[in-house]
Amino acid sequence: MTADLVIANATAVLPEGPARADIVVKGEQIVDVVGPGNGRGTEIIDAAGKIVLPGGVDPHVHMLISFMGQRSVYDFESGGIAALCGGTTMVVDFALQRRGRGLIEGLRHRRKQADPVVTLDYGLHQIVTDVNESSLGELRQLREEGVSTLKVYTVYESEQLKLEDGAFYALMQGAAKEELLICLHAENAGIIERARAEAVRAGHTEPKYHALTRPPITEVEAVSRALLFAEDTGCPLHILHLVAQKGVDLIERARRAGQRVTAETCTHYLALTDEAYERENAQYYVMSPPLRSAENQAALWDGLKRGVLSAVTSDEVSYSAAAKSLGIASFADIANGCPGIQARLPVLYTLGVAEGRLSLERFTQVFSTWPARIFGVGDRKGQIRKGYDADLVVIDPEGERVMDASCHYGDIGYTPYEGMKLCGWPVLTVYRGRVVVRDGRFLGEAGQGRFLHRGATDMPELE
Ligand code: URP
Ligand code: ZN
């Protein structure tokens, strides 16, 4: 057998730890991992001095999203290219159930948008906004169609997304039966809505009031409530974009008690603090939950280091600088979210590995291996291992570049990480055995991506 491609002589982050190795690829799969210089194949790429990681898995992205009156710059083609340029080879996006409509209808609609143009492997979480006999009856079919995760919002009634507690609890009962993982946007709507209305009435409309009207208790209460429901129903639970330190404590306690729960934090919460709300373009930092204190941020790094938090996601939302600035008159009108799919790797590598907060192994786990397992593709993604998909990213641990808006593919016009000096930039991305990005240039084509049928969650153990 002649292999097609060998990534040679790099430090590869293997399941047993980093080691110099050659990674041998045939077709779409890794067929061998051998000692440096021993790989044979048609094309040999010498990656000496570089690090090879399993392709990133980002299980929390919003491509082609319309929200709070704005539309994202990225669709499934351009957002996928940005992801691949940033070393991420698989994402999980969202299908939306509109109230009064079916789950499967929402899934089909989203697949129609994505399938013809998507540029990387993707899965879909099903957002559930209407829990009734009919939608509960669709859960099994959803599983059969490859969707093993649901998303629930406890806020955003203005966007017709919020689930009341009764519906949330009933959905958990149904999800537990079908072994579906519930992913939760956890914030307490009542406290937030009252505080927002009061702030706006008092003329407190600057972006910093976005954070002040969403204090940590709003997150902590919603996490705590969800943990109780999940324990009672036996439903596996994943907490999205966790920021509040006390939320991390709750996750740790629940996991140590044997509950099936995981949590992620996001790149922006690790890189930025609420000091950003004092900056000139503070509207760029309006996302939910909001940025919190430096002390709180230290707890997130500690949670990652100790494996309490299992993933770092981007929560990618690519509103342009102009779109973010439209709501400048009041924080309540600024569309929530920030871009980060492409920045996730260099930001996490620099702040995590280069600055000594995370080992290279832990970084790889939260960037790729654990999200692959939690979101049902751990048998083929997230590891450099014989038989796994040949999704690889080669990064340069040395070369530094200062981040600016031009570091994002496409025309977003800003980056939340402006001015940060970063290393660990990807120099080569291999997707299903093909080099699709080399030195920042996309070499693939629209439609090369595939929808992935995902299985049940396989949560990593807490050491
Ligand atoms: O601010 C955020 N996170 N925007 C994306 C929508 C969501 O899920 O909250
Ligand atoms: Zn959210």
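The values are calculated or read from the model by the stated rules, or taken from the named source; none is laboratory data. Worth saying up front: this structure is predicted, and the values here are computed from it rather than measured. In this analysis, Cβ positions are derived from the backbone assuming ideal geometry, glycine residues included, and neighbour counts consider all displayed protein chains. These accessible areas exclude ligands, DNA and RNA; they are computed on the full protein's heavy atoms, side chains included. Shrake-Rupley method; radii C 1.70, N 1.55, O 1.52, S 1.80 Å.
Just a few scattered comments:
- Residue within segment 88-103 that is among the polar types (S, T, N, Q) and away from ligand 1 (no atom under 16 Å from the Cβ) present: yes
- Selection from segment 371-391 of residues that are closer than 16 Å to Gly87 by Cβ and in a helix (DSSP H, G or I): Pro371, Ala372
- The condition of being open to solvent by 10 Å² or more (accessible area, probe 1.4 Å) and on the phi > 0 side of the Ramachandran plot holds for Gln160.
- Residue match in segment 59-79 (condition: of a type in the set (Val, Ile, Thr) and farther than 24 Å from Pro371 by Cα): yes
- Enumerated helices (runs of 4 or more DSSP H) restricted to segment 235-350, each holding at least 3 residues that are within 13 Å of ligand 1 (Cβ to nearest atom) and either open to solvent by less than 10 Å² (accessible area, probe 1.4 Å) or under 28 Å from Gly80 (Cβ atoms) (or both): 267-271
- For the condition in contact with a Leu (Cβ under 6 Å, 6 or more places away or on another chain) and open to solvent by 30 Å² or more (accessible area, probe 1.4 Å), Arg438 qualifies.
- For segment 105-122, a residue qualifies if it is among the aliphatic types (A, V, I, L, M) and open to solvent by less than 10 Å² (accessible area, probe 1.4 Å), and the qualifying residues are Leu107, Ala114, Val118, Leu120.
- One residue stands out among those in segment 127-148 that are away from ligand 1 (no atom under 14 Å from the Cβ) and open to solvent by less than 10 Å² (accessible area, probe 1.4 Å): the one that is farthest from Met90 (Cα to Cα), which is Ser135.
- If you go through segment 262-286 and pick out every residue that is in contact (Cβ under 8 Å) with a residue 60 or more places away in the chain, out of contact with any Ser or Thr (no Cβ under 6 Å at 6 or more places or on another chain) and closer than 30 Å to Asp458 by Cα, you end up with 3.
- Members of segment 79-110 found to be closer than 21 Å to Ile182 by Cα and within 17 Å of the chain's Cα centre (by Cα), listed by number: Met90, Val91, Val92, Asp93, Phe94, Ala95
- Scanning segment 22-34 for residues that are without any contact (Cβ under 8 Å) to a residue 24 or more places away in the chain and small (Gly, Ala, Ser) turns up nothing.
- If you go through segment 1-27 and keep only what is assigned to a strand (DSSP E or B) and among the acidic types (Asp, Glu), you end up with Asp4, Asp22.
- Only one entry in Pro397, Pro371 is closer than 24 Å to Arg434 by Cα and touching a His at 6+ places or on another chain (Cβ under 9 Å), namely Pro371.
- Candidates are the residues of segment 105-133 that are among the aliphatic types (A, V, I, L, M) and out of contact with any Leu (no Cβ under 7 Å at 6 or more places or on another chain); the one that is nearest to Glu144 (Cα to Cα) is Ala114.
- The residues in segment 69-110 that are modelled with pLDDT under 95 and touching a Phe, Trp or Tyr at 6+ places or on another chain (Cβ under 9 Å) can be counted, and the count is 1.
- The set of residues from segment 127-164 being over 25 Å from Ile334 (Cα atoms) and in contact with a Phe, Trp or Tyr (Cβ under 8 Å, 6 or more places away or on another chain) comprises Val131, Gly146, Ser148, Thr149.
- Filter result for Gly69 (over 21 Å from Tyr409 (Cβ atoms), within 14 Å of ligand 1 (Cβ to nearest atom) and surrounded by fewer than 21 Cβ atoms within 10 Å (Cβ to Cβ)): yes
- Residues that are hydrophobic (A, V, I, L, M, F, W, C), open to solvent by less than 10 Å² (accessible area, probe 1.4 Å) and assigned to a loop (DSSP other than H, G, I, E, B) within segment 392-422 comprise Met403, Ile412, listed in sequence order.
- Any hit, segment 185-196, residues being in contact (Cβ under 8 Å) with a residue 24 or more places away in the chain, touching a Gly at 6+ places or on another chain (Cβ under 8 Å) and within 19 Å of Ala298 (Cβ to Cβ): no
- Residue under evaluation Arg432, criteria (1) at pLDDT below 95; (2) buried (at least 17 other Cβ atoms within 10 Å of the Cβ), criterion not met: (1)
- In segment 6-18, the residues that are closer than 14 Å to Val394 by Cα and out of contact with any helix residue (DSSP H, G or I) (no Cβ under 6 Å at 6 or more places or on another chain): Val6, Ile7, Ala8, Asn9, Ala10, Thr11, Ala12, Leu14
- Flag for Leu53 being crowded, with 23+ Cβ neighbours inside 10 Å, touching a residue at least 60 places away in the same chain (Cβ under 8 Å) and away from ligand 2 (no atom under 16 Å from the Cβ): yes
- Val117 assigned to a loop (DSSP other than H, G, I, E, B) and within 16 Å of ligand 2 (Cβ to nearest atom): no
- Within segment 80-102, the presence of a residue that is without any contact (Cβ under 8 Å) to a residue 12 or more places away in the chain, within 16 Å of ligand 2 (Cβ to nearest atom) and open to solvent by 40 Å² or more (accessible area, probe 1.4 Å) is excluded.
- Looking across segment 50-76, just one residue is within 30 Å of Ala8 (Cα to Cα), part of a loop (DSSP other than H, G, I, E, B) and out of contact with any Pro (no Cβ under 8 Å at 6 or more places or on another chain), and that is Gly55.
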